[in-house]
Amino acid sequence: MTYCVGLFLKDGLVMLSDTRTNAGVDNIATFSKTHVYEIPGERFMALMTSGNLGVSQAVVNMLHEGINTGERVENLYSVPSMFRAAQLVGEAVRRVFNTDGRTLEAQNVKFEVSLLLGGQIKGRSMRLFQIYAAGNFIEATPDTPFLQIGETKYGKPILDRALSYNTDPRDGVKLVLVSMDSTLRSNLTVGMPIDLLVYRRDEAQAALKRRINEDDPYFRMIRDTWSKALRDAYLAIPRPEWLA
């Protein structure tokens, strides 16, 4: 399992993923689930993956090599819009399913993959999509300014309560780190290190790419401060009057 989250904010994107993969309690490894496609000043895209590692790697490799659409070979460096980029990712998912889906089913392995794709091409709109195993997708909006894949339930409450489209990306970083910490504490299939991306609208290049390890001072401060704030808030709530 994994946890990836993307924030779609007025001033940019904040995207965070863990790196743990596992096939049982004694087969744990670290793989980056964040893939960046960038031509500084011209385009920036980030793709985050969740699900079966073999499936997700096949999709990513197909996107790197390009997809022959009949008229030309397209990849994420050549598509004219983020919408077309999401379509291309969906097409890659369907092609991998057509190649491997039946074989996986014969081995009682589900075809599981989901992806977050966010970014902007110069002169076009900044967008954030979630692509499903069927190759279809949805898009984040100002009314729904975040998308998640993988082990989503533990990190969702803080985003539901505190995030809005107008949140400053710097505060968005705090929120996704709290969201990830909540998931790390509650699910062993999500693990460090974590990969953080920040993109500012219309810059067409990443503002920040950072790998955060267990000993990162800022992440440790987030963990300690949030835990203390929760304990203090819990203790400050009055006890029920109807319980002696």
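The values are calculated or read from the model by the stated rules, or taken from the named source; none is laboratory data. Predicted model, so just to flag it, every value in this text is computed and none were measured. Methodologically, a virtual Cβ is constructed for each residue, glycine included, from the backbone with ideal geometry; neighbour enumeration extends over all protein chains shown.
Of the numbered conditions (1) exposed (fewer than 14 other Cβ atoms within 10 Å of the Cβ); (2) touching a residue at least 24 places away in the same chain (Cβ under 8 Å), GLY70 satisfies every one except a single condition; which is it?
Only one criterion in (1) exposed (fewer than 14 other Cβ atoms within 10 Å of the Cβ); (2) touching a residue at least 24 places away in the same chain (Cβ under 8 Å) is unmet by GLY70, namely (2).
Give segment 145-164 a look and list any residue that's small (Gly, Ala, Ser), surrounded by 18 or more Cβ atoms within 10 Å (Cβ to Cβ) and assigned to a loop (DSSP other than H, G, I, E, B), or say none.
GLY155
Working only within segment 16-66, note down all residues that are more than 29 Å from ASN108 (Cβ to Cβ) and either among the polar types (S, T, N, Q) or assigned to a strand (DSSP E or B) (or both).
Those that are more than 29 Å from ASN108 (Cβ to Cβ) and either among the polar types (S, T, N, Q) or assigned to a strand (DSSP E or B) (or both): LEU16, THR34, VAL36, TYR37, GLU38, ILE39, ARG43, PHE44, MET45, ALA46.
Within segment 120-150, track down each residue that is in contact with a Phe, Trp or Tyr (Cβ under 7 Å, 6 or more places away or on another chain), more than 27 Å from ARG161 (Cβ to Cβ) and either modelled with pLDDT under 95 or among the small types (Gly, Ala, Ser) (or both).
ALA133
Checking the conditions here, which among THR99, THR69, THR49, THR34 is within 21 Å of ASN187 (Cβ to Cβ), out of contact with any Lys or Arg (no Cβ under 6 Å at 6 or more places or on another chain) and not acidic (Asp, Glu)? Reasoning before the result, please.
Details: THR99 fails: within 21 Å of ASN187 (Cβ to Cβ); THR69 fails: within 21 Å of ASN187 (Cβ to Cβ); THR49 fails: out of contact with any Lys or Arg (no Cβ under 6 Å at 6 or more places or on another chain).
THR34 is the lone residue from the list that is within 21 Å of ASN187 (Cβ to Cβ), out of contact with any Lys or Arg (no Cβ under 6 Å at 6 or more places or on another chain) and not acidic (Asp, Glu).
Considering only segment 187-228, state which residues are touching a Phe, Trp or Tyr at 6+ places or on another chain (Cβ under 8 Å) and farther than 19 Å from THR30 by Cα.
TYR199, GLU203, ALA204, GLN205, ALA206, ALA207
Quick one: in segment 77-110, which of the residues that are assigned to a loop (DSSP other than H, G, I, E, B) and of a type outside the set (Lys, Arg) is surrounded by the most Cβ atoms within 10 Å (Cβ to Cβ)? Working first, answer last.
First pass over segment 77-110, keeping only residues assigned to a loop (DSSP other than H, G, I, E, B): 77-81, 107-110.
With of a type outside the set (Lys, Arg) added as a condition, the list becomes 77-81, 107-109.
Numbers: TYR77: 15, SER78: 13, VAL79: 19, PRO80: 12, SER81: 14, GLN107: 7, ASN108: 6, VAL109: 14.
Residue satisfying both the conditions and the ranking: VAL79.
Quick one: which of ASP232, ASP216, ASP202 is more than 29 Å from LEU47 (Cβ to Cβ) and among the acidic types (Asp, Glu)? If you could, list the steps in order and put the result at the bottom.
Details: ASP216 fails: more than 29 Å from LEU47 (Cβ to Cβ); ASP202 fails: more than 29 Å from LEU47 (Cβ to Cβ).
ASP232 is the lone residue from the list that is more than 29 Å from LEU47 (Cβ to Cβ) and among the acidic types (Asp, Glu).
If I ask for residues that are charged (D, E, K, R), more than 15 Å from GLY150 (Cβ to Cβ) and crowded, with 21+ Cβ neighbours inside 10 Å, which ones from segment 1-50 would you list?
From segment 1-50, those charged (D, E, K, R) are 10-11, 18, 20, 26, 33, 38, 42-43; that's our starting set.
Among the residues that remain, those that are also more than 15 Å from GLY150 (Cβ to Cβ) are: 10-11, 26, 38, 42-43.
Passing the criteria: only ARG43.
Based on what the data block shows, is PRO142 buried (at least 18 other Cβ atoms within 10 Å of the Cβ), in contact (Cβ under 8 Å) with a residue 60 or more places away in the chain and more than 25 Å from PHE31 (Cβ to Cβ)? Even if it seems obvious, please write down each step before you answer.
Numbers: buried (at least 18 other Cβ atoms within 10 Å of the Cβ): no; in contact (Cβ under 8 Å) with a residue 60 or more places away in the chain: yes; more than 25 Å from PHE31 (Cβ to Cβ): yes.
Judged against the criteria, PRO142 is not a match.
Would you be able to say whether some residue in segment 113-130 is in contact (Cβ under 8 Å) with a residue 24 or more places away in the chain, closer than 23 Å to SER32 by Cβ, surrounded by fewer than 21 Cβ atoms within 10 Å (Cβ to Cβ) and touching a strand residue (DSSP E or B) at 6+ places or on another chain (Cβ under 7 Å)?
No - not one qualifying residue is present in segment 113-130.
Considering every residue within segment 178-190, establish whether at least one is among the β-branched types (Val, Ile, Thr), within 17 Å of the chain's Cα centre (by Cα) and either assigned to a loop (DSSP other than H, G, I, E, B) or modelled with pLDDT under 95 (or both). Reasoning before the result, please.
So in segment 178-190, the residues among the β-branched types (Val, Ile, Thr) come out as 178, 183, 189-190.
Checking the rest, the ones that are also within 17 Å of the chain's Cα centre (by Cα) come to 178, 183, 189-190.
Okay, now just the ones that are also either assigned to a loop (DSSP other than H, G, I, E, B) or modelled with pLDDT under 95 (or both), so 189-190.
Yes, because at least one residue in segment 178-190 is among the β-branched types (Val, Ile, Thr), within 17 Å of the chain's Cα centre (by Cα) and either assigned to a loop (DSSP other than H, G, I, E, B) or modelled with pLDDT under 95 (or both).
Within segment 211-239, take every residue that is among the charged types (D, E, K, R) and surrounded by 15 or more Cβ atoms within 10 Å (Cβ to Cβ) and give me the one that is farthest from GLY155 (Cα to Cα). Explain how you work it out, then say what you get.
Step one: filter segment 211-239 for residues among the charged types (D, E, K, R), giving 211, 214-216, 220, 223-224, 228, 231-232, 239.
If we keep only those that are surrounded by 15 or more Cβ atoms within 10 Å (Cβ to Cβ) too, we end up with 216, 223.
Numbers: ASP216: 20, ARG223: 13 Å.
Ranking the qualifying residues of segment 211-239, first place goes to ASP216.
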